[in-house]
Amino acid sequence: MKHCLKFGSPDVKSGSRPKASGLTKNKNYMSRIGKQEIQIPKGVEVTKNGDILKVAGPKGTLVKTFRDDIIFNIGDKTITLNTKRNDKFSKSLWGTYVSHIKNMIIGVETPYQKKLILEGVGFKSEVKSEGKNNFFNFALGFSHPVIVKIPDTITATAEKNNITITGIDKELVGSFAAAIRALKKPEPYKGKGMRYEGEVIRRKQGKKTV
């Protein structure tokens, strides 16, 4: 006696993929981040002139250019954003712009900070000044010192190879700290190099000699 087993619905053709129920396209998409109301704290001023948004606070002023695909509604104490068009590109900007504005408001109140630790025998770090310019001077095991200019809007210190980078612009602080770390990435055998504070380096076991 022959037995035949059929998998799936009999009306589904072989090789075709059935549509999942409940996964229909939502035309009235609402971004969870984009629809959030942004609070303007006391002492912070937010203004927009054309495509340029300016956020001024006790710690400084940030200026950023935004595309006109998003509508800005700036009140006395709150900011709300909406999309002009119901297309994929505008929706992708919606939540991103809300996050940018929140970061700007936080930065002018409480500056962002990144800390790095330089480990290794003979490795040194110090901050030097020449006129109005500040520089990092690193000894990283090369035949020459590594000199890195510190951006004007960033404050940096180096004490006993503990490096602190502070600034009101979150993106600039993060990118500058990443560039400093990339000068001497931590190696996995002894952990020598530059790492973020609290960063865990996965160690590898070295070759054993018989």
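General observations
- Oblate is the label for region 112-196. Its Cα gyration tensor axes, ordered a ≥ b ≥ c, give a/c of at least 1.5 and b/c at or above a/b.
- Approximate spin-label separation residue 153-residue 175, in nm, with each point projected 7 Å along Cα-to-Cβ: 1.0 nm
- Cα-Cα over 26 Å, subset of 170/204; 102/128; 59/102; 114/192: 170/204; 102/128
- Relative contact order (%) - region 38-109, alpha-carbon pairs under 8 angstrom, separation at least six: 33 percent
- In a DSSP loop and with at most 16 other Cβ atoms within 10 Å, the trypsin sites (Lys or Arg not before Pro) in region 124-204 are 132, 160, 190, 202, 203, 204.
- Charge dipole (region 38-109, unit charges on Cβ, about Cα centre) - positive-most of 92, 53, 106: 92
- Listed by chain and number, the aspartates and glutamates placed with their C-alpha closer than 13 angstrom to that of residue 185 are 119, 199; residues fewer than eight positions away on the same chain are left out.
Bear in mind that the values in this text are calculations on the coordinates, not laboratory data. Just so it is clear, the structure is predicted and the values come from calculations on it, not from any experiment. Please note: Cβ atoms are built from the backbone with ideal geometry, for glycine as well, and neighbour counts cover all protein chains shown.
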